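Worksheet: one structure, shown below.
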Amino acid sequence: MNGPNLSGGAIVYAGKSDDAKFEWRAEFIVEDSAVGSKIRVGLDVAYKSSTLDKLMGRSPFQLAEHFIQDHILPYVKLYLEKEQVVAPEPQGLPMTEVGRVEGEISEIATKIRQLMTNMKTGAIVIKGKNLRASIQVKDGKPSHMKMIRGNQVITGNDVLANLILESGQAVAVALEVDMERILDYSTEYALKNVETTKDVKNTEY
């Protein structure tokens, strides 16, 4: 057996038996369709049958059918399951405001760590006239920071350093997230929307 090889947009495998009585070539082409992906399988089988094989009803067509039904389709059904994407609910996010600071951006930047102190899991969002920033908080410490100023995106520790250098009015709001309630919401949403694995459709041979 040899492959996979690419030929004219198809993935090709080929092989033959040691006695050269059996040769085959399979082509797999994946196409987009309105309901997902369509897999086209082209299979050529050359089988030099003996008198006994003919009496037993064996034929190249039966071998091709066996190849697809018993080898290709079970693999596709097992490994190429339809991907399920579960999106979070757009509303009802359980976040509670636990702190707020308004004033000059540079002054707000010096009070951010104070806002984090009593937070377990949540975020601090900062909004000014020409900038937006977010700081994710875990166990009272920043875990991920991002700032957008005009067309510029700043991440990491540079966010706090840049905030201190900014001027203008802004507001910083500390939001505590109820993780237990989020998990409850996510679980309920998943139960309503996740589908069981369906048999692979649109497979032609």
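The set of residues from segment 75-91 being open to solvent by 60 Å² or more (accessible area, probe 1.4 Å) and at pLDDT 50 or above comprises Tyr75, Lys77, Leu78, Tyr79, Leu80, Glu81. Taking segment 1-26 as the range and being open to solvent by 60 Å² or more (accessible area, probe 1.4 Å) and part of a strand (DSSP E or B) as the test, the residues that pass are Asn2, Pro4, Asn5, Leu6, Ile11, Tyr13, Lys16, Phe22, Glu23, Arg25. Take Gly150 and tell me if it is open to solvent by less than 40 Å² (accessible area, probe 1.4 Å) and modelled with pLDDT of 70 or more. No. Every condition in (1) open to solvent by less than 70 Å² (accessible area, probe 1.4 Å); (2) at pLDDT 75 or above; (3) not assigned by the TED database to the domain that holds Lys16 is met by Arg113 except one, and the failing one is (1).
The values are calculated or read from the model by the stated rules, or taken from the named source; none is laboratory data. Note that the structure is predicted; figures quoted are calculated from it, not measured. Remember, those area values only see protein heavy atoms, side chains included, never the ligands or the DNA or RNA. Shrake-Rupley method; radii C 1.70, N 1.55, O 1.52, S 1.80 Å.
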